[in-house]
Amino acid sequence: MVLPAGALPLEQVREHFHEAFLGMFLGTVEADSLNRLVLTAASYAREIRVLRAYARYLRQGTSTFSLAYVEQALVANARIAALLVRLFFTQILRERQTKGRKPGGGDRRGARRSAEPRRGPDPAQLPRRDPGDHSHEFFSGRENISFP
């Protein structure tokens, strides 16, 4: 078996690899070149789905890049791909935090912008990319399959 360039140590990506492999075997995960990010960026298969969605969204728009080219660019730049996934989940978290505000006090649709610049979410609340931390709140409640 030939590992892709930049592959991380097996101990660091074992759980990610098992999840992706089982998903491909069961047909719940697509078998494409983006799955290399499991080994190079320590991404979970469900995080790679976000990148697939980005790539397809670009293709539906006015982008002239092929799907294969976008996948190749993401795999070649694993760190940037991981940051894109983090940005996506940061935006989801931000929307969840602002959802509970009172009408007129932060609703994006009809509220006037204040002179004070908007602040992002508290960095302590952001999901971390620590490979040992598997308590990602966005996917809580989903059963993971683990191999010894």
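The values are calculated or read from the model by the stated rules, or taken from the named source; none is laboratory data. Keep in mind the model is a prediction, meaning the values are calculated, not measured. Glycine also receives a Cβ, built like all others from the backbone with ideal geometry; neighbour counts cover every protein chain displayed.
Points worth noting:
- Filtered residues of the stretch 9-49 (kept if among the aliphatic types (A, V, I, L, M) and crowded, with 17+ Cβ neighbours inside 10 Å): Val13, Ala20, Val29, Leu34, Leu37, Val38, Leu39, Ala41, Ala42, Ala45, Ile48
- Residues satisfying the stated conditions in the stretch 50-81, i.e. among the basic types (Lys, Arg), surrounded by 14 or more Cβ atoms within 10 Å (Cβ to Cβ) and under 27 Å from Pro9 (Cα atoms): Arg52
- Across the stretch 45-80, the number of residues qualifying as assigned to a loop (DSSP other than H, G, I, E, B) and either under 15 Å from the mean Cα position of the chain (by Cα) or of a type in the set (Phe, Trp, Tyr) (or both) comes to 2.
Conditions tested, residue by residue: (1) acidic (Asp, Glu); (2) out of contact with any Phe, Trp or Tyr (no Cβ under 7 Å at 6 or more places or on another chain); (3) modelled with pLDDT of 90 or more.
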| residue | (1), (2), (3) |
| --- | --- |
| Leu8 | no, yes, no |
| Glu15 | yes, yes, yes |
| Leu37 | no, yes, yes |
| Ala68 | no, yes, yes |
| Ala82 | no, yes, yes |
| Thr90 | no, yes, yes |
| Thr98 | no, yes, no |
